[in-house]
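The values are calculated or read from the model by the stated rules, or taken from the named source; none is laboratory data. Not measured: the values here are computed from a predicted model. When we count neighbours, we look across all protein chains shown, and the Cβ atoms used for this are built from the backbone with ideal geometry, even at glycine.
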């Protein structure tokens, strides 16, 4: 058996530029799995460095750095780690990256339009109109899913908010429906009552299937990872259309899901009115 390949900085950069067609100056929303990429020389730090190098400071890179509410409800913008993967946490800690001021669904960004996309996230809902991913999509961003599917695509939650699905703001995972406190960079605090908190995303695969059927997904590779690349606004608009045609389309069928059965009941009640 041959030894497992160790991917170098140069190889990952070539994959991003050639296979994934990422260019200098692009606006890119990234979802990722470091494990899927395989062994990388220098580990996740190299992955983050390569992403910045390929995008260049003229572009803008956005990643989710979400966190679950703690028992005391305190979110520290400088210290609370991301719960959505090694790449997101390494990116959050890297040079010139800024984190948006939201206690559960903060976004980290780097590059030319960083401040523009992150501004005011504390005044919007987690993944709603005017939130960072929505702004980036409107600005022409692409999405790159490295080693993951659209079941992790946060932008589809924005579609739920734009379509105002009946269950929005009425079903919550434990801990999300209560006041939370943000501790900012300077130590000042701000109280939040989260609204329109996102819920389950397993059924988002339906949006991926619809995008595939329309030929709107570019398949590519980064290291060992199978990747999907597509236009952010196209997937957002398609998901909005699907939600307006069937408000329950993005709910899973698992009867033990802590949110979807109740959300489906709310949709059924809405149809009776």
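Just a few scattered comments:
- For residue 247: the one exception among (1) at pLDDT 95 or above; (2) surrounded by fewer than 20 Cβ atoms within 10 Å (Cβ to Cβ): (2)
- Of 62, 16, all but one fail to be modelled with pLDDT of 95 or more, assigned to a strand (DSSP E or B) and either more than 15 Å from the chain's Cα centre (by Cα) or closer than 30 Å to residue 182 by Cα (or both); the exception is 62.
- Meets criteria (out of contact with any strand residue (DSSP E or B) (no Cβ under 8 Å at 6 or more places or on another chain), assigned to a helix (DSSP H, G or I) and surrounded by 16 or more Cβ atoms within 10 Å (Cβ to Cβ)) for residue 267: yes
Each row is one residue, and each column tells you yes or no for (1) touching a residue at least 60 places away in the same chain (Cβ under 8 Å); (2) over 26 Å from residue 47 (Cα atoms).
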residue	(1), (2)
68	yes, no
75	yes, yes
85	no, no
108	no, no
113	yes, no
141	yes, no
165	yes, yes
180	yes, yes
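- Within the stretch 218-264, tally of residues that are over 30 Å from residue 47 (Cα atoms) and assigned to a loop (DSSP other than H, G, I, E, B): 14
- Matching residues, the stretch 1-13, being out of contact with any strand residue (DSSP E or B) (no Cβ under 9 Å at 6 or more places or on another chain) and assigned to a loop (DSSP other than H, G, I, E, B): 1, 2, 3
- Lone unmet requirement of (1) out of contact with any strand residue (DSSP E or B) (no Cβ under 7 Å at 6 or more places or on another chain); (2) surrounded by 18 or more Cβ atoms within 10 Å (Cβ to Cβ); (3) closer than 21 Å to residue 199 by Cα for residue 68: (2)
- Sole residue being out of contact with any strand residue (DSSP E or B) (no Cβ under 7 Å at 6 or more places or on another chain) and buried (at least 19 other Cβ atoms within 10 Å of the Cβ), chosen from 100, 131, 106, 94: 131
- Entry remark, the stretch 74-84: residues being surrounded by 15 or more Cβ atoms within 10 Å (Cβ to Cβ), part of a loop (DSSP other than H, G, I, E, B) and out of contact with any helix residue (DSSP H, G or I) (no Cβ under 7 Å at 6 or more places or on another chain) number 3 in total.
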